[in-house]
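Since every read-out is calculated from the coordinates, none of them should be taken as a lab result. This is a predicted model, so every value here is computed, not measured. Positions of Cβ are backbone-derived with ideal geometry, glycine not excepted, and every protein chain shown enters the neighbour counts.
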Amino acid sequence: MLTQFFTYEFLQNTFYTGLLIGFIAPLLGTFVVVRRLSLIADALSHVTLGGIAFGLLMEKKYGLAFITPFYSGMVFSVIGSMFVERLRSVYKAYQELAIPIILSGGVGLSVIFISLADGFNTDLYSYLFGSVSAVSRNDLWSILTITVIVLVVLLLFYKELFMLSFDEEHAIVSGIHAKRIHFLFIVLTALVISASIRIVGVLLVSALMTLPVAASIRIAKGFKQTILFSVIFGELSVIIGLITGYYFEIPPGGTIVMTSIFILLATISLKKGWDHFTRRKAII
Amino acid sequence: MTKPLVSMENVSFAYDNKHALKDINLQIPTGAFLGLVGPNGGGKTTLIKLLLGLEKPQQGTIKIFDKNIKDFKQWNKIGFVSQKANSFNRGFPATVKEVVSTGLAAKVGYFHFFTKQHKQKIENAIEMVGMKDYINRNIGDLSGGQQQRIFIARSLVSDPSLLILDEPTVGIDTENVQKFYGLLHRLNEENNITLLLVSHDIGTMTNHANGIACLNKSLHFHGDTSAFSNLTEKELSKFYGHDLNVVTHQH
């Protein structure tokens, strides 16, 4: 594997991209989970699929090479995220309604674009389930840019985001501009989703944002530690998932997600065992 | 006489043409421990929202630190512990320290980070409410009474001059309620923090507060506690609009 890694540029692109998304997806995912927005990632990934299908259609029918599926997916995702925020404020009492509306809208658009292009076959398959060979050097640079943007924004607005997630009322009383921060946050989520899709695929991208966090939340003390463990679990899943996916010629989306599920189950049972052990010790 | 810390003059507020508050004249002197009582729907929460600048009065003026609330900027001088502090997400993975630090965020401001002094303040506030041993525990692992102390610490961390508490003892057992009032007295007497406490519990309030304001759309009583205790039940029922059982706690 190591020699192949240095021989083939596509493997390097995939691996570096994997490391980047293994970092930012669980990082932002921690905020997504504690704000109970886990399903929004799913909705946005389906909108991104609509954008990707649009980009593929443009490429195939009109040969417009400058609208790559990566960028059109990103634009759709960001626009979708704005709709989510809008819908959530329209349906204040039924905020989860935004999810099926946006999700079905995304799938609807995808179906229309796919049939307009008379199908895409293999390309689309790799967008749905991820691929080890689909990341170009240009994609890698774009994803690196997204990573830097996410990191800078999170660093600058960490305390505001934390406050809003923990206790929105208190945050507003303290003079935090809740709407602007929400907006910023949802746009970041859209960016991270569009960055992750090449590797894990549309159907599984939300898993990379939520499963590592689900494992971390069981064992972490405090919010910063939750983020730290989430990122560690995310990176582990991506690295193990990419290597096994490459060897067994399986789309990495599947192997990455199954690795995170394994980590999640292991964490839950280890935590249970540990609690049992300490309780017995306390009794003795 | 020193200027009152908060002063409301002829303040009225209506939701959709329905009066929630009418012609309120209320002064809170510096150092007071004022209890605000009144029936549900009597406008207590609305009054707090006005004081916190979350709603604007349609009539009248509100002054805080002798400054019109429209021009008031030092919001970190006002601490607020809400009733909802009891209903936050209990599974939230945050330590006591992290929760208390959010009380400083407004003071620190956008694009700024916590300094050593800020961290010291956070620790002091936690110590003040007697929760130092729990500093690195997850907030969800604490009891309701302990959590309420943490929320007080969160509002203390920015050195407020006025602390507003909205039904802070709901869902806390009697023993811890007593401890809680002990803490409030210390804050009021030793740290010289002015308190505005909203509660249903008239009995406990008359034992602790040194002034009472009774609110049912308009202010029916505003004076010191002994004068309030001398009111007959009949007079009290009149502003509640229904019969009332006053339970007086004896110590």
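What's the lysine pair count for segment A:160-284 at a Cα cut-off below 28 Å, pairs eight or more apart or interchain?
8
With the simple spin-label model, which puts each label point 7 Å out from Cα in the Cβ direction, the A:L2 to B:N230 separation comes to 9.2 nm. Restricting to lysine pairs 8 or more places apart or on different chains, what number in segment B:75-198 have Cα atoms under 15 Å apart? Close lysine pairs under the 15 Å cut-off: 11. Provide, for q = 0.12, 0.13, 0.18 Å⁻¹, the log10 of I(q)/I(0) from a solvent-free Debye sum over equal Cα point scatterers in segment A:2-206. Summing over Cα pairs of segment A:2-206 leads to -0.62, -0.71, -1.23.
Stick to the Cα atoms of chain B, pair each with every other, and give me the Kirkwood hydrodynamic radius in Å at one decimal.
19.0
Here the protein assembly as shown carries DSSP beta bridges of which approximately 55% are antiparallel, counting only pairs with both residues inside. With the convex hull drawn around the C-alpha atoms of the protein assembly as shown, the volume per residue stands at 189 Å³.
The slack between B:N10 and B:D71, meaning 0.36 nm per residue of separation minus the straight C-alpha distance, is 20.1 nm. I'd like the orientation of helix B:144-156 relative to chain B: the angle between its Cα long axis and the longest Cα principal axis, in ° from 0 to 90, rounded to 10. Here the helix axis deviates by roughly 90 degrees. With each label modelled as a point 7 angstrom along the Cα→C-beta vector, the A:A282-B:K132 pair spans 2.4 nm.
Counting only DSSP beta bridges with both residues in chain B, the antiparallel share comes to about 55 percent. Per-peptide packing, taken as the mean over residues of other Cβ atoms within 10 Å, places A:76-89, A:209-222 in the sequence A:209-222, A:76-89 from highest down. Mind giving me the nanometre distance, one decimal, between the label points for B:H185 and B:D141, set 7 Å out from Cα along Cα→Cβ? It is 3.3 nm. Restricted to Cα atoms, segment B:75-198 shows a radius of gyration and a Dmax of 13.6, 43 angstrom. In plain terms, the C-alpha convex hull of segment B:158-233 casts an average shadow of 6.0 nm² when viewed from every direction. Per-residue ellipticity at 222 nm from helix content only, as computed over chain B with -39500 (n - 2.57) for each DSSP H run of at least four residues, stands at -9000 deg cm²/dmol.
Two tests apply to each whole DSSP H helix in chain A, Cα reach of 20 Å or more along its axis and mean Kyte-Doolittle hydropathy of at least 0.0, and the ones passing both are A:9-34, A:38-57, A:69-90, A:98-116, A:137-166, A:178-200, A:205-219, A:222-248, A:252-283.
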